[in-house]
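Enquirer: One structure is given below, represented as structure tokens, and several questions about it will come after.
The values are calculated or read from the model by the stated rules, or taken from the named source; none is laboratory data. Keep in mind the model is a prediction, meaning the values are calculated, not measured. As a convention, Cβ positions derive from the backbone with ideal geometry for all residues, glycine included, and neighbour counts pool all protein chains shown. What goes into the accessible areas is simple: the full protein's heavy atoms, side chains included, and nothing from ligands, DNA or RNA. Shrake-Rupley method; radii C 1.70, N 1.55, O 1.52, S 1.80 Å.
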Amino acid sequence: MKHVDEYRDGALAKGIAAAIAREADPGRTYRLMEFCGGHTHAISRYGLEDLLPPQVRMIHGPGCPVCVLPMARIDLGIACARQPGVTVCVYGDLMRVPGSHRSSFLKAKAEGADVRMVYSTLDAIRIAEREPHRQVVFFAIGFETTTPPTALALKAARKKGLKNFSVVCNHVLTPSAMTAILQSGEPEGVRIEGFVGPAHVSTIIGTRPYELFARDYRKPVVIAGFEPLDVAQAILMLVRQINQGRSEVENEYIRAVTADGNARAQGVMADVFELRESFEWRGLGFLPLSALKLRDTWAEFDAERRFGLVETPAKDNPACECGAILRGVKRPSECRLFGTVCSPDTPMGSCMVSPEGACSAHWTYGRFRERERRVA
Ligand code: SF4
């Protein structure tokens, strides 16, 4: 496939891997966090860890939107869907994320709640137009990548004069999560020498927001695309920065990411959203100024205000290690539920649901390699 195959070329990958092995100092460790679930998926799918020397270790980060959404927000969305006359629209990978008391959007739907899976924000708008007798709520999740489409949907709703459309806003911000990871001390925290920076998020926000991590925390960041050669090249660039004692923001994904990002998308977001004072992240807890809410000028479209939705504290399954995995402290195979009671068919935590989740990626690709390594 043109424009994809060249980023999956096995011979080139082996060449980059050889350069990493040559340049990585065997006398030290390189602990690199791939922030994005898309990178976690690529690393597992293409077996990139198998190409790395033992001193280079990849640590999975919290950049999977479904995974970081706390149970209390799932419960809130389900409570909204159970209200008479309300239709809640969600992206597909949210349907099976466990809420409290073994609930989920899928189970709520089976029990009669009107939950509908949509592929885009505009699908939700179309439902609101087609069914004016129902209150249509879009349950918005995601990092900076999916925030502009939500803002555009709200603008479309206002332009069309829709009175039956609103949004539960769960949009979160990447730099806040990176800061939280760097600020969390041992034993909860994890030692990281550099970041493989997000791909799609960076097309929106650009490379500048990461300068803080290079300057103040002395952590190099290399923005990378989601193809295997992108990730391998980013790892090589990080190894070189660390060897040379540099901490800079470098951009491997120059075909899509610029220093300033997408000004138009940023403008649309700023029109509609403002910072929340605090928001709970699964695994990271409550983080200040880490998420967005609708501005007062958009209050009429805010489902939390319209339906008086209130978050109730909720506790994860105590045996589920999603929190530690999202902080990079544990790996999926270190959870005792992995592959026993927890699998993609019966997910016990959010990390097993989305293909971008570390547990799901490891279940689909990594566990076979682990077994092969043990046998060898
Ligand atoms: S394997 Fe399942 S229970 Fe364990 S951390 Fe992953 S999602 Fe949670």
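Enquirer: What is the local net charge at E304, summed over the other residues whose Cβ is closer than 9 Å to its Cβ (Lys, Arg +1; Asp, Glu -1)?
Expert: That sum, taken over residues with Cβ under 9 Å, equals +1.
Enquirer: For L289 and V341, FRET efficiency with R0 = 41 Å and r from the beta-carbon atoms, rounded to 0.05?
Expert: After rounding to 0.05, the efficiency reads 0.65.
Enquirer: Just need the relative contact order of the stretch 250-376 here, percent rounded to a whole number, with Cα pairs under 8 Å and 6+ apart.
Expert: Answer for the stretch 250-376 is 14 percent.
Enquirer: Then there's this: Go through the stretch 326-366 and name the trypsin sites (Lys or Arg not before Pro) that are in a DSSP coil and have 12 or fewer other Cβ atoms within 10 Å of their Cβ.
Expert: Loop-located and lightly packed - R336.
Enquirer: If the reach is capped at under 17 angstrom between alpha carbons, list the aspartates and glutamates near K107, excluding any in the same chain fewer than eight residues apart.
Expert: Partners within reach: D75, D93, D345.
Enquirer: Give the lysines whose C-alpha is closer than 21 Å to that of K14, dropping any in the same chain fewer than 8 places away, or say none.
Expert: Filter leaves K2.
Enquirer: Going through the stretch 112-201, which trypsin sites (Lys or Arg not before Pro) have at most 13 other Cβ atoms within 10 Å and a DSSP loop state?
Expert: Hits after loop and neighbour filter: K163, R191.
Enquirer: Now a separate question. Would you mind getting the accessible area per residue of the stretch 230-273, heavy atoms of the protein chains only, 1.4 Å probe, in Å²?
Expert: Per residue, the stretch 230-273 has an accessible area of 45 Å².
Enquirer: Report, to the nearest whole %, how much of the accessible area of the chain belongs to carbon and sulfur atoms, 1.4 Å probe, protein only.
Expert: Percent of accessible area from carbon and sulfur atoms in the chain: 54.
Enquirer: Taking springs between alpha-carbon atoms closer than 10 angstrom, which of S343, S202, S166 fluctuates most in the Gaussian network model of the chain?
Expert: Checking each option, the largest mean-square fluctuation is seen for S343.
Enquirer: What whole-number value in Å² describes the accessible area per residue of the stretch 71-212 for a 1.4 Å probe?
Expert: Counting only protein heavy atoms, the per-residue value for the stretch 71-212 is 38 Å².
Enquirer: How large are Rg and Dmax for the chain when calculated on the C-alpha trace, in angstrom?
Expert: Cα-based Rg and Dmax for the chain come out at 20.9, 67 Å.
Enquirer: In terms of modelled amide H atoms, which long-range or inter-chain residues lie less than 5 Å from the amide H of F143?
Expert: Amide H to amide H, under 5 Å and 5 or more residues apart or across chains, F143 pairs with V172.
Enquirer: By how many degrees, 0 to 90 and rounded to 10, does the Cα axis of helix 121-130 deviate from the longest principal axis of the chain?
Expert: Helix 121-130 sits roughly 20 degrees off the main axis of the chain.
Enquirer: Right, next: Extending each Cα 7 Å along its Cβ direction at R264 and R208, get the distance between those two points in nm, one decimal.
Expert: So the label points at R264 and R208 sit 1.9 nm apart.
Enquirer: So which of K159/K293; K219/K315; K160/K315 end up more than 29 Å apart, counting from Cα to Cα?
Expert: Flagged as over cut-off: K219/K315; K160/K315.
Enquirer: While we're looking at this one, here's another question. Would you mind telling me which residue in P26, P149, P228 has the biggest mean-square fluctuation in a Gaussian network model of the chain, where springs connect alpha carbons within a distance under 10 angstrom?
Expert: The residue with the greatest mean-square fluctuation here is P26.
Enquirer: Please report, in Å, the Rg and the Dmax of the stretch 1-143, where both are computed over Cα atoms only.
Expert: Rg and Dmax of the stretch 1-143, Cα atoms, are 21.4, 67 Å.
Enquirer: At 7 Å along the Cα-to-beta-carbon direction for both R82 and V310, put a label point, then send me their distance in nm to one decimal.
Expert: The two pseudo-label positions are separated by 1.5 nm.
Enquirer: Shape of the stretch 89-207 from its Cα gyration tensor (a ≥ b ≥ c, root eigenvalues): rounded if a/c is under 1.5, otherwise prolate when a/b > b/c, or oblate?
Expert: Oblate, since a/c reaches 1.5 and b/c is not below a/b.
Enquirer: Quick one: net charge around Q55, please, counting Lys, Arg +1 and Asp, Glu -1 for every other residue with C-beta under 14 Å from its C-beta.
Expert: +1
Enquirer: Label 7 Å along Cα→Cβ of E300; the stretch 159-179 residues with amide nitrogen under 18 Å?
Expert: Output list for this probe position: 159-168.
Enquirer: Normalised by the residues of the chain, what does the relative contact order come to in percent, with Cα pairs under 8 Å and at least six apart?
Expert: Rounded, it is 22 percent for the chain.
Enquirer: Using 16 Å as the cut-off for backbone N distance, which residues of the stretch 39-75 belong to the label zone defined by a point 7 Å from the Cα of Y365 along Cα→Cβ?
Expert: Within reach of a label on Y365: 39-52, 58-61, 63-64.
Enquirer: At 222 nm, what value in deg cm²/dmol follows for the chain if DSSP H runs of at least 4 each add -39500 (n - 2.57) and the sum is divided by all its residues, to the nearest 500?
Expert: -10000 deg cm²/dmol
Enquirer: In addition: Return the loop-located trypsin sites (Lys or Arg not before Pro) in the stretch 14-50 (DSSP other than H, G, I, E, B) with at most 16 other Cβ atoms within 10 Å of their own Cβ; answer none if there are none.
Expert: In loop regions of the stretch 14-50 (DSSP not H, G, I, E or B), the sparsely surrounded trypsin sites (Lys or Arg not before Pro) are R28.
Enquirer: With springs only between Cα atoms under 10 Å, which of A232, A110, A214 fluctuates most in a Gaussian network model of the chain?
Expert: A110
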